[in-house]
Every structure is written in structure tokens, then in C-alpha cells.
1. With θ set to phi - 60° and the Karplus curve 6.51 cos²θ - 1.76 cosθ + 1.60, what are the ³J(HN,Hα) couplings of segment 23-35 in order, to the nearest whole Hz, using x for Gly and Pro?
2. Going by average Cβ neighbours within 10 Å, how do the peptides 201-207, 172-178 rank, with the highest at the top?
3. Out of residues 5 or more away from residue 213 or on other chains, whose amide H comes under 5 Å of its own, with H placed 1.01 Å from N in the peptide plane?
4. Taking amide hydrogens as modeled 1.01 Å from N in the peptide plane, which residues meet the under 5 Å criterion relative to residue 7, leaving out close sequence neighbours?
5. Hey, what do the phi angles of segment 165-175 turn into as Karplus ³J(HN,Hα) couplings, whole Hz, using 6.51/-1.76/1.60 and θ = phi - 60°, x for Gly and Pro?
6. What is the P(r) of segment 193-246, as percent of Cα-Cα pairs per 5 Å bin from 0?
7. Below 8 Å between Cα atoms, with a sequence gap of 6+, how large is the relative contact order for the chain in percent?
8. Using amide H atoms built 1.01 Å from N in the peptide plane, name the residues 5+ places from residue 49, or on other chains, whose amide H lies under 5 Å from its own.
Amino acid sequence: MDAVRAVVFDTDGVLLATAVRHAAAWKEAFDGCLAAWQHHVAGGGPRPFDAVRDYRDLVDGRSRLDGVRAFLADRGVHLPGGTPEDPPGCGTVHAVAARKERIFSETVRTEGVTVFDDVRPALLRLRQMQVACAAVSASRHARTLLASADLVGFFDALVDGADAAALALPGKPAPALFLEAADRLGTGPGYTAVVEDALVGVEAGRRGRFRLVVGIGRDGDPSTADALRAHGADLVLPDLSGLPALLGDGRP
């Protein structure tokens, strides 16, 4: 572990307690469209969104568009792609993504954002250890949310959904977001650890050949830990409190 010089952190579910809000926004967005999609699926229409299983398996860690596509494919619903100008609705992939965006944005506006208690102590210790840190997210909200949580100063680099769009980076499980962050840190994947809670995220870390891929299983469910390992995590931690020791806390 002494070879790890930098850490790239996923944002939602690792640094910020926003995963539950994302899941709720996805459920409201999808379930509100089920009636409109009944003619796509025989036998009563598509099943409602499961905020635990479907969130983990289909949308967690993905961009909004990729999340919509994954859910629709799982339910056998076929929609046209539409355009980025589509208003929130149920008729196109872009419209459903915009619907989820509107719901999530309103939730954050009214309820704010929470940082997990273990995050600041871990980031402070990594800074003292001279381990460079980056935050990564497929969400365009990430930079704003990290700023509102007063976490931006802990990171040497940030790569979010706006960067991904500007650079045409493919979303997870492709490793492009993480590789971009490692390049900005100047360490490359060979000297960098990835910390993720999403299945597609740990898979991206594995595909990118990062030195270490750490899964975060905050729910304490053994099946979550098993799934993270199956998708590419080298090990699974319950939170970030043990990360500095894992990386060699004897450094200066």
C-alpha cells in the first residue's frame, strides 16, 4: 500500500449522504411514468423502481442518461433518445433524465446536503500524509454540492459530469472519469487508489488497472460487500475511517 500516492473518491455515497436522495428521485421519476409506458410491456406494464436493488444494479454511479437507458432496458421499455432540450417528461430518454434532474435538484434545494461524519477526519489525515486526493462524480451537481459542504479545499482535483460532457468521457463502468482524475493528480493509475460505493464504480477502477480499488459498504449488508468484490473491489470497508491506516498511516 505504500506505493499509493493518491486517492480518487467517488462523491455520492462515499463523501456525501446523497445516495438515498438520488434513489428517491429516481423512484419518483420512473414510477410517475409507468402508466405512460404500460403499452410497452405486456402483463400490466413495467414493474416499479426498487429504491434499493434497482438503484444499486441499474443507476448508481451512472450518468442520468445511462441510468435511464439501463432501467428502460431492464423493463423492456423502448423510448426515442430525444435531445438535451427536451423538458421533463416520460416520452424520451432525455425527458426522463430531465424529470429526475428536476426532482433531485428540488430536494437538494429544500433539504441541503449532508457529509458523512468519517469524511473530514479521513481527508485531513490523508492531507497530513501528503496523499493527493481527487473527487469524481458522473453528476453535474458534484462540484456545487462539494462546495456547499465545504469540502472542495480537501481536493487537488475535481472531475464531474460537466467535465465528462466537455471532454466526451464515457461513463462508468468505463474508467475514463477516474483516469482523468489520476492524470490531473499527476500519479496515473499505477500509484492511485479508487474509493467507490457503486458496482459500476469499482468495475471502472478494475478496468482502469488502478493500484487499489476500495469498495465502501456503508449499509453493513454482507451481500453488498460480496457484490462490490465481485465487480472488482480489492477489499471493502464500512466507511472511510480505516482508509489512512490502510494506506500506511506511518507517513509524515
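Each value in this text was obtained by applying a stated rule to the coordinates, not by laboratory testing. It should be emphasised that the depicted structure is a prediction, and the values quoted were computed from it without experimental measurement. As a convention, Cβ positions derive from the backbone with ideal geometry for all residues, glycine included, and neighbour counts pool all protein chains shown.
1. 4, 5, 5, 4, 4, 5, 5, 6, 5, x, 9, 4, 4
2. Highest to lowest by the protection proxy: 201-207, 172-178.
3. 194, 234, 235
4. Long-range HN contacts for residue 7: 132, 133, 134, 193.
5. For segment 165-175, the Karplus curve yields 5, 5, 9, 6, 7, x, x, 4, x, 5, x Hz.
6. Here the calculated profile for segment 193-246 is 5, 25, 35, 22, 11, 1.
7. Working: 458 pairs, mean separation 58.3, N = 252.
Averaging sequence separation for qualifying contacts and normalising by length gives 23 percent for the chain.
8. Here the answer is 31, since their amide H atoms fall under 5 Å of that of residue 49.
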